[in-house]
Amino acid sequence: LSVTSSKPSQRRGFFPMLPGSFHGFFANPYRTPFNVAPEDVAQVCLDYIEKTLFSTICPPEDVAAILVEPIQGEGGYIVPAQGFLCGLREICDRHGILLIFDEVQSGVGRTGKMWAFEHECAATTCGDGSCSACGRAKAGVVPDIVASAKGLGGGVPIGAMIARRDLMERWQPGAHGNTYGGNALVCAAAYEVLDLVEHELTANAARVGDYLMNGLLALKERYEVIGDVRGRGLMLGIDFVKDRGTKEYDKALANAMMEESFKRGMLVLTCGASTVRLCPPLVLTEAQADEALTIFESTLQSLV
């Protein structure tokens with residue numbers, strides 16, 4: 001909870017929070033912090049860490065880790081501006097800070113790659129050599145620790161912390177443990193899930209995700225209440241606004257879309273202030289995507 005900040009409701013009634021945890025700004029290219037231009041937002045958010053947090057609140061030598069979602073989940077299915085994750089990696093390397101990626105929602109094939117962070121340096125900032133944002137090899141940004149759960153078990157409850165070998169070897173016997181850690185059943189389930197995801201479902205999420213994204217972008221062209229469509233693979237968000245110019249949130253419409261879609265046979269959920277998320281199973285077909293788009297549009301037509 002101390003590092004969660006998407007909604008006040010998630011913290012309400014819980015205290016005290018962990019001292020020494022501070023929040024920066026996520027490089028949201030649609031609603032940019034400080035109203036900067038989208039092409040500048042990554043650097044502005046990185047500068048805030050070094051020029052404000054490190055300079056006035058928490059000196060970098062006292063910082064254990066930077067924790068971030070490669071794609072925000074509860075915050076609104078927000079894909080950060082290109083270069084943001086690479087910039088975080090560079091800051092962490094320079095100051096000896098661990099970089100932790102929370103891939104609980106975005107990981108295990110959902111975005112069309114095994115991990116969402118793999119998109120960062122595989123996109124426009126990388127040429128044939130290295131990333132222009134961080135100078136790293138084309139393999140891209142690599143975290144020190146990854147948190148995974150949800151899709152990792154394919155319906156069986158499991159959570160995992162994945163880290164560099166040298167970090168994991170520092171644990172001494174008895175220093176870390178939990179009652180049900182290493183449960184044979186859930187580990188077997190996760191093993192089978194990973195086999196399916198690696199050999200079939202990641203590619204399907206990328207292909208059908210692109211198909212679904214194109215359909216949603218077509219809806220955006222027809223309906224002014226859709227301010228933004230974003231995401232990767234089968235992790236897509238539709239941001240509803242009262243006015244495209246001001247980008248004022250339309251929370252009521254987003255909630256109504258969620259409730260009315262359920263009545264019409266499609267389960268969706270909101271996230272952020274006014275975003276409806278689409279996160280279907282990775283086995284989704286194009287025919288099922290068409291059905292989802294039809295339900296989504298008919299629901300929207302009934303509400304606007």
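Just so it is clear, none of the values below were taken in a lab; they were calculated from the coordinates. For clarity, every value in this text was computed on a predicted model and none was experimentally measured. So basically every Cβ, Gly included, is an ideal-geometry build from the backbone, and we count neighbours across all protein chains shown.
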Along the charge dipole of region 180-223, which of A203, L219, Y191 sits closest to the positive end, that is, farthest toward it, with unit charges on the beta carbon of Lys, Arg, Asp and Glu (+1, +1, -1, -1)?
L219
May I ask for the angle, rounded to the nearest 10°, between helix 251-263 and the longest principal axis of the chain, with both axes built from Cα atoms and the value confined to 0 to 90°?
70
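Identify the GluC sites (Glu not before Pro) of region 165-206 meeting these criteria: DSSP loop state and at most 15 other C-beta atoms within 10 Å of the C-beta. Please list the in-between numbers first.
Working: sites: E169, E192, E198, E200; in loops: E169.
Hits after loop and neighbour filter: E169.
Can you tell me the FRET efficiency between E248 and S55 if r is taken as the Cβ-Cβ distance and R0 is 35 Å, rounded to the nearest 0.05? Display every interim value, and only then the final one.
Values: r = 34 Å, r/R0 = 0.96.
E(calc), rounded to 0.05, equals 0.55.
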Mean residue ellipticity (222 nm) of the chain, computed from DSSP H runs ≥ 4 via -39,500 (n - 2.57), nearest 500:
-9000 deg cm²/dmol
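Please figure out what share of the DSSP beta bridges in the chain is antiparallel and state it in percent, rounded to the nearest 5. Show your work: numbers first, answer last.
Values: 21 of 28 bridges.
That works out to approximately 75 percent antiparallel.
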Stokes-Einstein D (µm²/s) once Rh is taken as the Kirkwood radius of region 202-303 over alpha-carbon pairs, at 10 °C in 1.306 mPa s:
118
Of P80, V156, N35, which is farthest along the charge dipole of region 8-197 in the positive direction, counting Lys and Arg as +1 and Asp and Glu as -1 at C-beta?
V156
Tell me the label only: which of (i) 20.0, 60; (ii) 26.8, 105; (iii) 22.6, 75 is Rg and Dmax of the Cα atoms in Å as calculated from this structure?
(i)
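Near Q43, within a Cβ-to-Cβ distance under 13 Å, what is the net charge of the other residues, with Lys and Arg +1 and Asp and Glu -1? Can you show the working numbers first?
Numbers: positive: K51; negative: E39, D40, D47, E50, E90.
It works out to a net charge of -4.
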Using only Cα atoms and rounding to the nearest 10 degrees, what angle (0 to 90) does helix 286-303 make with the longest principal axis of the chain?
70
Protection proxy ranking of 147-157, 246-256 - average other beta-carbon atoms within 10 Å, highest first:
147-157, 246-256
Computed E for N214/S298 - FRET, C-beta separation, R0 22 angstrom, nearest 0.05
0.75
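In this model, which of K113/K242; K7/K113; K51/K242 are farther than 32 Å apart at the alpha-carbon? Intermediate results must be reported in sequence, preceding the final value.
Numbers: K113/K242 34 Å; K7/K113 28 Å; K51/K242 35 Å.
Pairs exceeding the cut-off: K113/K242; K51/K242.
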So what's the net charge close to P281: Lys and Arg +1, Asp and Glu -1, counting the other residues with Cβ under 15 Å from its Cβ?
+1
Under the 0.36 nm per residue contour assumption, what length would be gained going from the current alpha-carbon distance of Y180 and L98 to full extension?
26.9 nm
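Of the trypsin sites (Lys or Arg not before Pro) in region 1-64, which ones lie in a loop per DSSP and count no more than 12 other C-beta atoms within 10 Å?
On the way: sites: R11, R12, R31, K51; in loops: R11, R12, R31.
Here the sparse-neighbourhood loop sites are R12.
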On a 0 to 90 degree scale, rounded to 10, what angle separates helix 84-95 from the longest Cα axis of the chain?
10
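Just order 66-77, 176-187, 288-299 by mean Cβ neighbour count inside 10 Å, highest at the front, would you? Mind dumping the intermediate values first?
Working: 66-77: 22.2, 176-187: 10.5, 288-299: 16.7.
Ranking, from highest mean packing down: 66-77, 288-299, 176-187.
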